[in-house]
């Protein structure tokens, strides 16, 4: 019994993190450890990365968390859901590699992801 | 000059329920909103999307929620000032003097900001050159369609507004329709109709293109559009219309001397008052430890701010807490009792 309890107490609580690099329009690089399960948008907002507004709070309703994803990463990310491209139509200077960062969920698979922040969100 | 006990800025769900609470406790109020309709984000961003987390309402759309809130206000006579933006809030003795974009002014001891993330403004074209032609030959909404008769009009966007205007204006003008991808998000029937007009040569369709530049001395003469593969096309255009939806801008609120935190206003959790006495903030726009951006939180914040307003609007009276189930006072105000 003691051993089981000891095992329980001494097992470190392990939270998986992934490194996400945010590159601002001024080419400043911010590499942040973001907890798995959060979105790339939340990682930016919680760490005061400039240039991601996220007005609607992650509801895919405002297109102000718009980022450009480097080509090689773009194809590795889970595909866009219905509605994301509709919102991207309204984003400031959307490109073929545009994504809404509130729709990218952080996981071990995207450890090392780099995103570029546009010059403006609107 | 309008005198009122409280002025609410924002006619979204929080503003509407705050009005209900003010009227219920016997205060007057008026509501100003920059949109041309009541409902705020619920009506502008997700009228058809179901909401599942309104207490005791298992499921309702943004439009249904708005309509229910409006019908809850039926017993009260509330004046709405739509399509007006509050520009200025100035202290005048114990009151606030509030001025709107349409020249309306209000004198009130209480201003409640229920502004979401600010006021809705049209999203604009990215190239700087476009500003020069704004409201002359480049528009983000149509006020008088007759000015386009016989002209070349280039329309940008992939939603219903862009498609509807392309179809409507194709009757009397030469239309270029430009969109950043092949898919349109407008209603299928509208997309079909547009495709039919493209086949008939009534609409020139350019997909995977975006605005790159605008040229012309005084008047707009032509625009450059750029393909995903960087190819540039020049299109003669007398007018340009852009339909990229709306964006929320904090706007003049930033100049009222309030403590701001990013795009939110800091308040206390007793009265939801800002650092300025008699100015409150409720709903998505307010910020305090533990703030949740949920509609239900806005209702709670509005109810408390309304009670705080009582003190400033009726300094010589005492506010008494009552229930709608039993208070004959409240039932009279609700029109349920003579």
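The values are calculated or read from the model by the stated rules, or taken from the named source; none is laboratory data. Bear in mind that the values here come from a model prediction, so they are computed numbers and not experimental data. Note that each Cβ is placed from the backbone with ideal geometry, even for glycine, and that neighbours are counted across all protein chains shown.
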- Take region B:130-140 and flag every residue that is away from chain A (no Cβ under 14 Å) and either in contact (Cβ under 8 Å) with a residue 60 or more places away in the chain or under 27 Å from residue B:201 (Cβ atoms) (or both). B:132, B:133, B:136, B:137, B:138, B:139
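Answer yes or no as to whether residue B:272 is in contact with a strand residue (DSSP E or B) (Cβ under 7 Å, 6 or more places away or on another chain) and in the same structural domain as residue B:22 (by TED's automatic domain parsing).
Numbers: in contact with a strand residue (DSSP E or B) (Cβ under 7 Å, 6 or more places away or on another chain): yes; in the same structural domain as residue B:22 (by TED's automatic domain parsing): yes.
Yes; evaluated as a whole, the condition is true for this residue.
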- Query: Going through region A:49-101 one residue at a time, which ones are at the interface with chain B (Cβ under 9 Å from one of its Cβ atoms), exposed (fewer than 14 other Cβ atoms within 10 Å of the Cβ) and either more than 22 Å from residue B:242 (Cα to Cα) or touching a residue at least 40 places away in the same chain (Cβ under 8 Å) (or both)?
  - Reply: none
- Query: How many residues, within region B:194-206, are surrounded by 17 or more Cβ atoms within 10 Å (Cβ to Cβ) and over 23 Å from residue B:220 (Cα atoms)?
  - Reply: 2
- Note on the structure: All conditions in (1) modelled with pLDDT under 95; (2) touching a helix residue (DSSP H, G or I) at 6+ places or on another chain (Cβ under 8 Å); (3) part of a helix (DSSP H, G or I) are true of residue A:81 except (3)
- Message: Kindly evaluate residue B:46 against the criterion of being at pLDDT 95 or above and within 14 Å of another protein chain (Cβ to nearest Cβ).
- Response: no
- Task: Select from region B:1-30 the residues that are more than 17 Å from residue B:310 (Cα to Cα) and either out of contact with any strand residue (DSSP E or B) (no Cβ under 8 Å at 6 or more places or on another chain) or not in a loop (DSSP other than H, G, I, E, B) (or both) and list them in ascending order.
- Result: B:2, B:9, B:13, B:14, B:16
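Which of the residues spanning region B:150-205 are part of a helix (DSSP H, G or I), in contact (Cβ under 8 Å) with a residue 60 or more places away in the chain and under 24 Å from residue A:95 (Cα atoms)? Explain how you work it out, then say what you get.
Initial filter on region B:150-205 (part of a helix (DSSP H, G or I)): B:160-169, B:188-199.
Add one more test, that the residue is in contact (Cβ under 8 Å) with a residue 60 or more places away in the chain, and what stays is B:161-162, B:165.
If the condition is that a residue be part of a helix (DSSP H, G or I), in contact (Cβ under 8 Å) with a residue 60 or more places away in the chain and under 24 Å from residue A:95 (Cα atoms), then B:161, B:162 are the ones that fit.
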- Query: Is there a residue in region A:24-36 that is under 12 Å from the mean Cα position of the chain (by Cα), crowded, with 22+ Cβ neighbours inside 10 Å and either within 14 Å of another protein chain (Cβ to nearest Cβ) or assigned to a loop (DSSP other than H, G, I, E, B) (or both)?
  - Reply: no
- Item | Odd one out for residue B:291 among (1) within 14 Å of chain A (Cβ to nearest Cβ); (2) surrounded by 17 or more Cβ atoms within 10 Å (Cβ to Cβ); (3) closer than 27 Å to residue B:23 by Cβ | (2)
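Check region B:98-110 and report whether any residue there is more than 30 Å from residue B:295 (Cα to Cα) and either in contact (Cβ under 8 Å) with a residue 12 or more places away in the chain or within 14 Å of chain A (Cβ to nearest Cβ) (or both).
Let us first name the residues in region B:98-110 that are more than 30 Å from residue B:295 (Cα to Cα), namely B:103.
If we keep only those that are either in contact (Cβ under 8 Å) with a residue 12 or more places away in the chain or within 14 Å of chain A (Cβ to nearest Cβ) (or both) as well, we get none.
Scanning region B:98-110, I find no residue that is more than 30 Å from residue B:295 (Cα to Cα) and either in contact (Cβ under 8 Å) with a residue 12 or more places away in the chain or within 14 Å of chain A (Cβ to nearest Cβ) (or both), so the answer is no.
Tell me the residue from B:9, B:70, B:25 that is touching a residue at least 12 places away in the same chain (Cβ under 8 Å) and within 19 Å of residue B:100 (Cβ to Cβ), please. Spell out the reasoning first.
Numbers: B:70 fails: within 19 Å of residue B:100 (Cβ to Cβ); B:25 fails: within 19 Å of residue B:100 (Cβ to Cβ).
Criteria check complete, one pass: B:9.
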- Counting only residues that are touching a helix residue (DSSP H, G or I) at 6+ places or on another chain (Cβ under 7 Å) and within 14 Å of chain A (Cβ to nearest Cβ), which one in region B:141-176 is farthest from residue B:221 (Cα to Cα)? B:160
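Which residue out of B:51, B:113 is in contact with a helix residue (DSSP H, G or I) (Cβ under 8 Å, 6 or more places away or on another chain) and away from chain A (no Cβ under 14 Å)?
On the way: B:51 fails: away from chain A (no Cβ under 14 Å).
None of the others qualify; the one that does is B:113.
Which of the residues that make up region B:243-268 are more than 21 Å from residue B:289 (Cβ to Cβ) and within 18 Å of the chain's Cα centre (by Cα)?
Of region B:243-268, the ones more than 21 Å from residue B:289 (Cβ to Cβ) are B:243-257.
B:243, B:244, B:245, B:246, B:247, B:248, B:249, B:250, B:251, B:252, B:253, B:254, listed by residue number.
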- Determine, yes or no, whether residue B:82 is touching a strand residue (DSSP E or B) at 6+ places or on another chain (Cβ under 9 Å), more than 14 Å from chain A (Cβ to nearest Cβ) and in contact (Cβ under 8 Å) with a residue 40 or more places away in the chain. yes
- Of the listed residues (B:170, B:161), the one being modelled with pLDDT of 95 or more, buried (at least 18 other Cβ atoms within 10 Å of the Cβ), in the same structural domain as residue B:230 (by TED's automatic domain parsing) and closer than 30 Å to residue B:48 by Cβ is B:170
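Check every one of the strands (runs of 3 or more DSSP E) wholly within region B:61-116 and list those with 3 or more residues that are more than 18 Å from the chain's Cα centre (by Cα) and assigned by TED's automatic domain parsing to the domain that holds residue B:13. Quick ask: steps written out before the conclusion?
Working: elements: B:79-81, B:86-92, B:95-100, B:105-108, B:110-113.
Passing ranges, in order: B:86-92, B:95-100, B:105-108.
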